[in-house]
1. Going by the structure shown, is Arg210 closer than 30 Å to Asp131 by Cα, within 16 Å of the ligand (Cβ to nearest atom), outside any strand (DSSP E or B) and of a type in the set (Lys, Arg)?
2. For region 90-106, which residues satisfy the criterion of being crowded, with 18+ Cβ neighbours inside 10 Å and either part of a helix (DSSP H, G or I) or on the phi > 0 side of the Ramachandran plot (or both)?
3. I'm checking my understanding of the structure. Among residues of region 131-163 that are at pLDDT 60 or above and within 12 Å of the ligand (Cβ to nearest atom), which one is surrounded by the most Cβ atoms within 10 Å (Cβ to Cβ)?
4. Give me a count of the residues in region 164-194 that are acidic (Asp, Glu), within 16 Å of the ligand (Cβ to nearest atom) and outside any helix (DSSP H, G or I).
5. Output the residues belonging to region 195-206 that are in a loop (DSSP other than H, G, I, E, B) and among the aliphatic types (A, V, I, L, M).
6. Go through (1) away from the ligand (no atom under 16 Å from the Cβ); (2) under 17 Å from the mean Cα position of the chain (by Cα); (3) β-branched (Val, Ile, Thr) one by one and return the number of the condition Thr237 breaks.
7. If Arg258 passes every condition in (1) at pLDDT 95 or above; (2) within 12 Å of the ligand (Cβ to nearest atom); (3) in contact with a helix residue (DSSP H, G or I) (Cβ under 9 Å, 6 or more places away or on another chain) but one, which one does it miss?
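The values are calculated or read from the model by the stated rules, or taken from the named source; none is laboratory data. All figures in this text were calculated on a predicted structure; none of them were measured in a lab. Cβ placement follows ideal geometry from the backbone for every residue including glycine, while neighbour counts extend to all protein chains displayed.
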Amino acid sequence: MVDVDEFIDEATAEIEAQIGDERAIIALSGGVDSSVAATLAYEAIGDKLTPIYIDTGLMRKGETEQIAATFSFMESLQIIDARDRFFEALEGVTDPEEKRSVIGEGFIREFEREAKELDATYLVQGTIYPDRIESEGGIKSHHNVGGLPEIVDFEGIVEPVRDLYKDEVREVARKLGLEEIISERMPFPGPGLAVRVLGEVTPEKVAVAREACHVVEDELADHDPWQAFAAVIGKGTGVKGDNRVHGWIVSVRSVESRDGMTARAQELPWDVLQRIQSRITGTNDNVARVVYDVTHKPPATIEYE
Ligand code: XMP
């Protein structure tokens, strides 16, 4: 990206040219990528854009409320409660790529339904450069690239930030005047907490991951990780009172990176790790143990699935 102002001018002109007099919808996810894509598209075509936020039940703590507040200036904003539909579709699904595909398909079906009602023929997406590279390289499908069903009932898909790296998207976000909570927010995967619970996605596991992710984000806010979160990685034995219990094992991950393509596990002070452990086990009796992941990428990926 040469110059931020130039990029914004060119991107909005391109969106306007592509969509013309048609109507478009954009999937807001709460992350910086889709927020920037939505803001650019809103500047380009105004009310002809309907931003849609799908509450999949796989989002971060407080995310739905925050989206509603941040984008309330876009009058056409729609918030859809699809939690039951997503959990039902994910029942019995354990393979990570199948999860992505089920979720990608779920997203697109929700949008298609809304698009039909709104008579929208274009879908705007916040796909960024590393998403495309990793999907094209066959490393992992990203729900907003590789996991989409083949037959998508839209005339066109518009991806205004497709050539940008994450740090460039943040630069554009600041220039567009988006709040810090959006512009500086750490990345969150499209399939959400579904890829932060190993194996089958159940409301119980997701609730454990959501609370643990919140604790990690909160405790590490001053340590400036590129991405930090927690995942439910299995079950193990612990003691609660006088009893042995079979509880969840939560793994905490905090990494430094530029673009997510490679990453280094962050060195954190012992007292910070202990505080995270005690908050996670303290708020949930069903968590038996908390571990810290010291693996870089490669050989590990950032997420667990
Ligand atoms: P990995 O785990 O592949 O993650 O090292 C690299 C970056 O991508 C995010 N990620 C995803 N983002 N859909 C997304 O939109 C996905 O399926 C997905 N999987 C991983 C991950 O959070 C990290 O920032």
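1. The answer is yes for Arg210.
2. Result: Pro96, Lys99, Arg100, Ser101, Val102, Ile103, Gly104, Gly106.
3. Here is the first cut: in region 131-163, the residues at pLDDT 60 or above are 131-136, 153-163.
Subsequent filtering for residues that are within 12 Å of the ligand (Cβ to nearest atom) retains 131-135.
Details: Asp131: 25, Arg132: 17, Ile133: 13, Glu134: 18, Ser135: 18.
Filtering first and then ranking leaves Asp131.
4. Here is the first cut: in region 164-194, the residues acidic (Asp, Glu) are 167-168, 171, 179-180, 184.
With within 16 Å of the ligand (Cβ to nearest atom) added as a condition, the list becomes 167-168, 184.
Filter once more, so that each one left must be outside any helix (DSSP H, G or I): 184.
Residues in region 164-194 being acidic (Asp, Glu), within 16 Å of the ligand (Cβ to nearest atom) and outside any helix (DSSP H, G or I): 1 in total.
5. Pass one, region 195-206, residues in a loop (DSSP other than H, G, I, E, B): 198-202.
Within region 195-206, Leu198, Val201 qualify.
6. In the conditions (1) away from the ligand (no atom under 16 Å from the Cβ); (2) under 17 Å from the mean Cα position of the chain (by Cα); (3) β-branched (Val, Ile, Thr), Thr237 misses (2) alone.
7. It fails just one condition, (1).
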